[in-house]
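Reading through the structure tokens given below for one structure.
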Amino acid sequence: MTDEKNLPSIRLSYKHAGVDIDAGNALVDAIKPAVRSTRRPGADGQIGGFGGLFDLRAAGFEDPVLVAANDGVGTKLKIAVEAGMHGTVGIDLVAMCVNDIIVQGAEPLFFLDYFATGNLDVAQGTAIVEGIAEGCRQAGCALLGGETAEMPGMYASGDYDLAGFAVGAAERGTLLPRPDLAEGDSLVAIASSGLHSNGFSLVRKIVERSGLAWTDPCPFADDLTLGEAMLTPTRIYVEPLLAALRAGYAIKALAHITGGGFQENIPRVLPEGLAARVDLGALTPPPVFGWLATQGGMEELEMLRTFNCGVGMLVAVAPEHALALVDMLEGAGESATLVGVIEARTDAAVVFDGQLNL
């Protein structure tokens, strides 16, 4: 029998340790409409089970190969926390995963998220997950489930981290890059929306040097604060690229330009013996890149190996289809332009002509 006289005067609960079960339940209830809005063939848009289910046959696949990717948002989250703006980082989270799926020629099917914080703020968490749902809608994939972890002592007050996991599929034999990628194929650049989700440790260092606050007027974008401009969400390229692949535009390879820029990402889809020649003068980097280069005193090659410099996706396409692909992408709302060619490799896998218009 328990001796009541020896019990502590305060009987502890999980909430005393900093974990609020009721807040977690409130978050689940708050995000259910957002999750339901991502339903698609193969997934019913419900959450709450121990695992999420996806029916490949209902999604229309006959002999699929699955493609998986995971990523995060990086220190861009620090800007979201410091600026108190949490509505778009969920789009970034989805984009960084599904853009890696589409470069394999696969259709993103479902997404799962991991949201970890010190103390759960229901309004903050709801804004984040609603952004994730928006990213899923843009990508046409279901938000199949996720995990919210409240871990007091692991994160400072207000801080959080995000991780995302996406799974897609392609019919066997249709994956990219294609084996017929060859010398003479054209390179088409699809514009980025800005920084996307890479290089933000350097961005924050440059902003610190500038003396500007996130709430100050943005020096390179009218009617925005600096924080709003820097939090411009990563563009999601799934819809137009799926349409182009299905329409037979002879796309042979896709490169998602993320961390490591041109030099690190383009070679990932090139076979031995081939190189990409890129005309930097054909690119039109958004103003944020010129501002960062000036404020940071950055050399061009350092810009190219750190940021996307205005190119979110690079497409290798048969030359006879290149102009038609540009027209198709422009008609789908993208900004696309011919920027180079595939050639025989003599030294580096990526060769630059001209200079960036910074």
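The values are calculated or read from the model by the stated rules, or taken from the named source; none is laboratory data. None of the values given here were measured: they were computed from a predicted structure. When we count neighbours, we look across all protein chains shown, and the Cβ atoms used for this are built from the backbone with ideal geometry, even at glycine. Protein only, heavy atoms only, side chains kept; ligands, DNA and RNA dropped before computing areas. Shrake-Rupley method; radii C 1.70, N 1.55, O 1.52, S 1.80 Å.
Of the strands (runs of 3 or more DSSP E) contained entirely in the stretch 273-358, those carrying at least 2 residues that are surrounded by 21 or more Cβ atoms within 10 Å (Cβ to Cβ) fall at 274-279, 311-317, 336-344. Considering the conditions (1) β-branched (Val, Ile, Thr); (2) assigned to a loop (DSSP other than H, G, I, E, B); (3) surrounded by fewer than 18 Cβ atoms within 10 Å (Cβ to Cβ), THR232 is excluded by exactly one of them, (3).
Looking for something part of a loop (DSSP other than H, G, I, E, B) and surrounded by fewer than 22 Cβ atoms within 10 Å (Cβ to Cβ) - is there at least one such residue anywhere in the stretch 90-100? Within the stretch 90-100, none of the residues are part of a loop (DSSP other than H, G, I, E, B) and surrounded by fewer than 22 Cβ atoms within 10 Å (Cβ to Cβ).
If you check GLN46, GLN104 for being assigned to a loop (DSSP other than H, G, I, E, B), in contact with a helix residue (DSSP H, G or I) (Cβ under 8 Å, 6 or more places away or on another chain) and open to solvent by 20 Å² or more (accessible area, probe 1.4 Å), only one passes: GLN46.
Among residues of the stretch 47-67 that are without any contact (Cβ under 8 Å) to a residue 60 or more places away in the chain, those with a beta-carbon under 8 Å from a residue that is open to solvent by less than 50 Å² (accessible area, probe 1.4 Å) and assigned to a loop (DSSP other than H, G, I, E, B) at least six positions away or on a different chain give the pairs ASP55/GLY42; ALA58/GLY42. Working carefully through the options LEU187, LEU195, LEU176, LEU181, find the one that is more than 26 Å from VAL73 (Cα to Cα), within 24 Å of the chain's Cα centre (by Cα), in contact (Cβ under 8 Å) with a residue 40 or more places away in the chain and open to solvent by less than 40 Å² (accessible area, probe 1.4 Å). Step by step, each of LEU187, LEU195, LEU176, LEU181 is checked, and only LEU187 is more than 26 Å from VAL73 (Cα to Cα), within 24 Å of the chain's Cα centre (by Cα), in contact (Cβ under 8 Å) with a residue 40 or more places away in the chain and open to solvent by less than 40 Å² (accessible area, probe 1.4 Å). Restricting the stretch 107-134 to residues that are surrounded by 22 or more Cβ atoms within 10 Å (Cβ to Cβ) and over 17 Å from ARG40 (Cβ atoms) leaves a set whose member that is modelled with the lowest pLDDT is LEU120. For the stretch 203-216, the criterion of a residue being buried (at least 19 other Cβ atoms within 10 Å of the Cβ) and touching a His at 6+ places or on another chain (Cβ under 6 Å) is satisfied by no position. Sub-8 Å Cβ pairs linking a first residue in the stretch 138-157 that is open to solvent by 70 Å² or more (accessible area, probe 1.4 Å) to a second residue that is assigned to a loop (DSSP other than H, G, I, E, B) and polar (S, T, N, Q), at least 6 apart or interchain, are SER157/ASN119, ordered by first then second residue.
Report yes if ASP161 is open to solvent by 20 Å² or more (accessible area, probe 1.4 Å), in contact (Cβ under 8 Å) with a residue 24 or more places away in the chain and assigned to a strand (DSSP E or B), otherwise no.
Against the criterion (open to solvent by 20 Å² or more (accessible area, probe 1.4 Å), in contact (Cβ under 8 Å) with a residue 24 or more places away in the chain and assigned to a strand (DSSP E or B)), ASP161 qualifies.
Only one of ARG178, ARG137 is in a helix (DSSP H, G or I) and modelled with pLDDT of 95 or more. Can you tell me which? Being in a helix (DSSP H, G or I) and modelled with pLDDT of 95 or more holds for just one of ARG178, ARG137, which is ARG137.
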